[in-house]
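To start, the structure under review is shown below, and the notes come after it.
The values are calculated or read from the model by the stated rules, or taken from the named source; none is laboratory data. Quick caveat: nothing in here was measured; it's all calculated off a predicted structure. With ideal geometry, Cβ positions are generated from the backbone for all residues, glycine too; neighbour counts draw on all protein chains shown.
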Amino acid sequence: MGFLRFGPVGYAPYCADRLRRTVANGVRGEPPCWLELQATKSKKPIVMSVTMMDGRTISLPVDSASTSKEVCQMLSQKVKLQDTFGFSLYVALYDKVWSLGSGREHVMDAISQCEQEVKRKGGQEQHAPWRLFFRKEIFTPWHDCSQDNVSTDIIYRQVIRGLKYGEYQCEKEEDTVALAAKHFYVQFGSDMSMENTRTVVKECINSKLLEAKSEEKWTQMVNTAHAQSDKVKAEVVDYARQKWPMLFSKFFEVTKLSGPSLPKSKFIFAINSVGITFLDEREKNLLVLSYPELTGVNAIRERKCMCLLTLKGDFTLNAITATDISDLVAMFLAGLIQRSQYAVTLQEVNRQDDKTFLSFKKAELIYLIKDDEFSVARGWLKGKNERTGEIGAVPADAVLILPTLTKPTNEVLSLISLSPDQRKTIIDNSVKGTITERVAPSTLKDFSVDYFRQPIKDVNRLVISKNAAPERLWANSREPIRQPLLKRLESADSLTKWCAPILKYMGDYPTRQVQSPLELTDQIFGPPTGNEELRDEIYCQIMKQMTSNNNRYSVEQGWQLLWLCCGLFPPSNSLLKHAQRFIETRKREPLATDCLQRLQGARRMEPRKLPPHQVEVDAIQQNSTQIFHKIQFPNDTQENFEVASNTKIKDLVRTIANKLMLSSAEGFSIFVKTPDKVLSLNETDYFFDSLRQITDWSRRAKRVNQAGGPVNVSYTVFFMRKLWFNIIPGRDVEADLIFHYPQELPKYLRGYHRCTKEEMVMLGALLFRMKVDNDKTQFPMIPRMLKDLVPNDQLKAMSADEWKKHIFAEYNKQTGTTVEQAVIGFLKIVYKWPTFGCAFFDVKQTSEPNFPDIVRIAISKQGVTVIHPKTKDILAVHPYNKIANWCSGSTYFHMTVGNLVRGNKILCETSLGYKIDDLLTSYVNMYLNEKRGQRRNQHFD
């Protein structure tokens, strides 16, 4: 301080104050962050924004020594929060969120860590997108919402926000509806309008639930569920406290030094309002202890250890935060004992001669009555014997007050009555069956002897240490390999370029540029999907990086790559058994079972042709092995369907047809719409290969137009009828409503069909009924609706009033007709026309001088029909058996009718040649398959 006193003007007091703050709050663990450096230049406090759970943002002055406790105290004062226990400061970066607690953690250390992570990914520190939140982390077991309305409101807002974003999930749908109804009452009181209900559904219901069941359905359910109470917010908070204790817990990393047997010695120690849970790294419960099962806790500060005394044995645990753990558990135990109404007797007392005293046997439950009749200070309690119902004085040293607010279980009572040795025997017997013998993880060591190249002699390693161990090619390495692992690929040095992307994906190799996971998976799986010789190499490199790897994050990323790999292609027979053994000996891993199933499936299927699609990579990045894709239908509805890596288009078509209960899947197809094209997918291809092919083509075309740079291509998947045959309106009502009507209506309104005025009036009346049902008050609106009732080229065939008069007269004749019947009626009329089910294309023809320049080509089950676009006269009909061949390009479609030598060529200019080509191919294949089927039947007959 003496030295600082003689510093430059302005800096001396500034530095002295910073030193005092550092001495008071302790040493920092991270270097200064960018914010601190900027603040030091100006010698002004750092202003930091913290987001509350109600959406408010509060700005606070902080400095380099500020702790989470100080920030939480300032926030509590600003919002007038009184019940401050369990509220903590949280920091978020990208999709990671962690608690800074409300203790000695330095806030600027967390910000510095965020900046370092951004820099590691190739970003700039000043642009690090970190955020701070103030929220409830843990409840006391005796939490009372009535103590502080501000606290209840903050927790309430946190729960509603958590429901919306999927942090909190109810097991039962009715619970979600009930919580949404309570939120409705908080927001709007008793005003149960549908508009208000929609607002509440958007604020409460998670997007996955909305996808599974429509927003309209949720709106109806919430609107029906009324909630009226003065304590609605408290009810929501109490529900969250009781239903999701693990989500309101403090977590600590500990190592067991001694105590009862557990599957693991290193685990997570979770404390919450209902007890203590030991969890492994995959959040699987190792041991659950309620507070009545705890008999004591104390910390050994100098050894950073704590002793946890329980009815199931005593644990000695090592943890950096041992004192914090011990203090929190001790506080909960003391608070519960103070508030408890339950005690268990430790000895027998028989005072039948004096009714002042309560008689009881050993290990009986006593209800404590706290009316101050007897002096606790003098060692007396008032209690009621659960067995006899008698009330009297109880010696305090004759009972054990249990740390619980609810009646203890029989298991707890029986454990208390036993001696420590008896308890140990029971626990040892119960644990014996739960600990299984662990199998050593298999490696590629044996496989490498016969199939791997020799390790490279590294001169540098030999100079450093003459006794250096030889390179283990089958085990994890932090450096990219210089040659392929397999000796048969040893000459192909260029193949080592895969190794760096594998290491980058797994986080084992630093990278300056931010690369998306899809870029890396493309680099990894692109070459082997195109070349069978390279597939074993990829399997080996992935398994190598997962072997002897102590970085948990890296191993998890490796499992993701192996999961993707097993869905693309199988390894060779020589590697297969080693790959299977590698996975089987790691069955505790979350993805192991699924990898094994995918590996078996890949052996039965033909390999994929392209690397994983964005949807597959996104799914496994979220550790989700189920992939759902949205499919749109022509009637403007949509549904999610599960799609696996090995799902083929024909499989998906059958799945959708079955789900929609269509009478047949024949003639239906999957289409993909990009900004510039609509393409039908080949039924024999894999779904994700087809998607990649189309989106990659669009991406390349877009990149050429935009002169390079990363490009995102949006697309939509449709399920529609492609081939129109064996259709009789009314026979398959679902298909009529979802597909036939919405697909035929636009063709009719565009004027593609030739029809009479009487038919147009009948169809106009049916379409009017579909729009208004039985509401005749809409009759004056017919002139405005004509473009949706009458073909575009026939609007001027009559005046608007005449159309109105004729349509309404026909509408009145249809009295009693439902909307569904009107749809079937529409199709029955259109079905009679020869152009029903045709796909129409207006093209410029240059081969037939007697035809107009622009003709309309109609493709149907009959063949190719050439139509005059204005008169709608049929100019030519070409059945499929008369068409010799056809071809298409980006600007043309050519077709030869007759034979290849003397046939007539039809030359057309169109940008939709690919569509005409695909339809012709599909119809011809349909007839060929039909003929093959007939021949097979004749053969069997």
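Observations
- Here V843 fits the description: modelled with pLDDT of 95 or more, in a strand (DSSP E or B) and in contact with a Ser or Thr (Cβ under 7 Å, 6 or more places away or on another chain).
- Test: residue in the range 585-602 that is at pLDDT below 95 and either under 13 Å from Y686 (Cβ atoms) or assigned by TED's automatic domain parsing to the domain that holds E216 (or both): yes
- Lone qualifier among T815, T835 - being assigned to a loop (DSSP other than H, G, I, E, B) and touching a residue at least 60 places away in the same chain (Cβ under 8 Å): T835
- The condition of being outside the structural domain of H106 (by TED's automatic domain parsing) and on the phi < 0 side of the Ramachandran plot does not hold for Q126.
- Residue match in the range 549-572 (condition: β-branched (V, I, T) and under 20 Å from S448 (Cα atoms)): no
- Condition broken by K43, with the remaining ones in (1) touching a residue at least 24 places away in the same chain (Cβ under 8 Å); (2) under 30 Å from M331 (Cβ atoms) satisfied: (2)
- Residue list for the range 126-153, restricted to those being farther than 20 Å from V186 by Cβ and under 29 Å from the mean Cα position of the chain (by Cα): H127, A128, P129, W130, R131, L132, F133, F134, E137, I138, F139
- Any hit, the range 74-96, residues being modelled with pLDDT under 90, of a type in the set (S, T, Y) and assigned by TED's automatic domain parsing to the domain that holds Q124: yes
- Among the residues of the range 50-83, those that are in a strand (DSSP E or B) and over 26 Å from H183 (Cβ atoms) comprise S59, L60, P61, V62, T67.
- Neighbours by Cβ (under 8 Å, 6+ apart or cross-chain): first from the range 24-35, closer than 11 Å to S64 by Cα; second among the polar types (S, T, N, Q) and part of a loop (DSSP other than H, G, I, E, B): N25/S66; R28/S64; P32/S64
- Looking across D618, D636, one residue alone is surrounded by fewer than 18 Cβ atoms within 10 Å (Cβ to Cβ) and at positive phi. It is D636.
- Any hit, the range 187-198, residues being within 15 Å of V236 (Cα to Cα) and not charged (D, E, K, R): yes
Conditions (1) out of contact with any Phe, Trp or Tyr (no Cβ under 8 Å at 6 or more places or on another chain); (2) more than 29 Å from R241 (Cβ to Cβ), marked per residue:
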residue: P45; (1), (2): yes, yes
residue: K69; (1), (2): yes, no
residue: M74; (1), (2): yes, no
residue: Y90; (1), (2): no, no
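- The criterion of being in the same structural domain as L333 (by TED's automatic domain parsing), over 25 Å from R588 (Cα atoms), under 28 Å from the mean Cα position of the chain (by Cα) and crowded, with 19+ Cβ neighbours inside 10 Å holds for N272.
- Selection within the range 340-378 - hydroxyl-bearing (S, T, Y) and either part of a loop (DSSP other than H, G, I, E, B) or not assigned by TED's automatic domain parsing to the domain that holds L418 (or both): S340, T356, S359, S375
- The criterion of at least 1 residues that are surrounded by 14 or more Cβ atoms within 10 Å (Cβ to Cβ) and out of contact with any Ser or Thr (no Cβ under 9 Å at 6 or more places or on another chain) is met, among strands (runs of 3 or more DSSP E) falling completely within the range 84-171, by 87-93.
- Candidate set: the range 680-706, residues that are assigned to a helix (DSSP H, G or I) and charged (D, E, K, R); chosen: the one modelled with the highest pLDDT: D689
- Yes/no for T277 being within 30 Å of L413 (Cβ to Cβ), outside the structural domain of Y90 (by TED's automatic domain parsing) and surrounded by 20 or more Cβ atoms within 10 Å (Cβ to Cβ): yes
- Annotation note: of G189, G166, the sole residue that is touching a helix residue (DSSP H, G or I) at 6+ places or on another chain (Cβ under 8 Å) and at positive phi is G166.
- Within the set E215, E253, the sole residue that is surrounded by fewer than 19 Cβ atoms within 10 Å (Cβ to Cβ) and either in contact with a Phe, Trp or Tyr (Cβ under 7 Å, 6 or more places away or on another chain) or within 30 Å of K630 (Cβ to Cβ) (or both) turns out to be E215.
- Strands (runs of 3 or more DSSP E) fully within the range 849-930 counting 2 or more residues that are touching a residue at least 40 places away in the same chain (Cβ under 8 Å), surrounded by fewer than 16 Cβ atoms within 10 Å (Cβ to Cβ) and not acidic (D, E): 904-909
- Count of the range 307-340 residues which are within 15 Å of Y291 (Cα to Cα), free of Cβ contacts under 8 Å to residues at least 60 places away in the same chain and among the polar types (S, T, N, Q): 3
- Restricting the range 177-232 to residues that are assigned to a helix (DSSP H, G or I) and basic (K, R), the residue that is nearest to R157 (Cα to Cα): K182
- Failed condition for R608, given (1) under 25 Å from V449 (Cβ atoms); (2) in contact with an Asp or Glu (Cβ under 9 Å, 6 or more places away or on another chain): (1)
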